[in-house]
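The values are calculated or read from the model by the stated rules, or taken from the named source; none is laboratory data. This is a predicted model, so every value here is computed, not measured. So basically every Cβ, Gly included, is an ideal-geometry build from the backbone, and we count neighbours across all protein chains shown. Areas reflect the complete protein model, heavy atoms only, side chains present, ligands, DNA and RNA absent. Shrake-Rupley method; radii C 1.70, N 1.55, O 1.52, S 1.80 Å.
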Amino acid sequence: MKMSFLLLCCAITALALNTESFAQKPPECVILCPANASFQEQLAAREVRRYVYVRTGQLLGIEQADKLQTKAKKAILVGTKQRELLQELDPLLARRLSGLKPEGYLLRTMTPGGKTVVVIAGGDGAGTLYGAYRFAEQMGMAFELDGDVVPDVRVALSLPTLDETSAPLFKLRGIQPFHDFPEGPDWWNTDDY
């Protein structure tokens, strides 16, 4: 009994002397979205987190901020083009963001202040979501009609080097699951296919 009490006292003393064991290490990577983020911006941040987890096994934290103030060495910034969080990173980036149209997005890897930062910015909320899904594709995900395609092998977390801008070619887009012509796939035989 005295021996176990002595061991317990030694363990407590060792922990108290080693203050580093109580200090929390900053996360390697976080997702930042604006403090007053819209529903679509929040959804985009959650989708980025989900696909990063599926590919790497690391569950990133989501922080809300209006400035790049994080102790993490890497960050993924998610938001629409007018957000202060994105506008203050770089004047050239701000100029490129101003040119984004609705449903368009920009993906860009930068290194402000020695941090590796991936910017996922949309011309509007929908564009931000499209940017998040394109980011997932850059990490190896694929999206099919019947569901997401997840590669079998997990990879280490590594932020890709990106510099991509995209916008839809026309306003109304989608998939028409039913044909609107008299003789379609329902009527075809093997030779027609």
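For the stretch 134-178, the strands (runs of 3 or more DSSP E) that sit wholly inside it and include 1 or more residues that are within 16 Å of the chain's Cα centre (by Cα) and closer than 29 Å to Lys115 by Cβ are 163-166.
Answer with yes or no whether Phe170 is open to solvent by less than 80 Å² (accessible area, probe 1.4 Å) and farther than 28 Å from Leu85 by Cα.
Numbers: open to solvent by less than 80 Å² (accessible area, probe 1.4 Å): no; farther than 28 Å from Leu85 by Cα: yes.
Here the answer is no, as Phe170 does not meet what is asked.
Take Gly79 and tell me if it is surrounded by 17 or more Cβ atoms within 10 Å (Cβ to Cβ), within 17 Å of Pro34 (Cα to Cα) and not charged (D, E, K, R). In short, yes. Within the stretch 10-50, if we keep just the residues that are modelled with pLDDT of 60 or more, out of contact with any Cys (no Cβ under 9 Å at 6 or more places or on another chain) and acidic (Asp, Glu), the residue that is least open to solvent (accessible area, probe 1.4 Å) turns out to be Glu47. Filtering the stretch 94-112 to residues that are touching a Leu at 6+ places or on another chain (Cβ under 7 Å) and farther than 24 Å from Phe170 by Cα leaves Thr109, Met110, Pro112. For the stretch 99-147, the set of residues classified as under 14 Å from Lys81 (Cβ atoms) and open to solvent by 70 Å² or more (accessible area, probe 1.4 Å) consists of Lys101, Pro102, Tyr130, listed by residue number.
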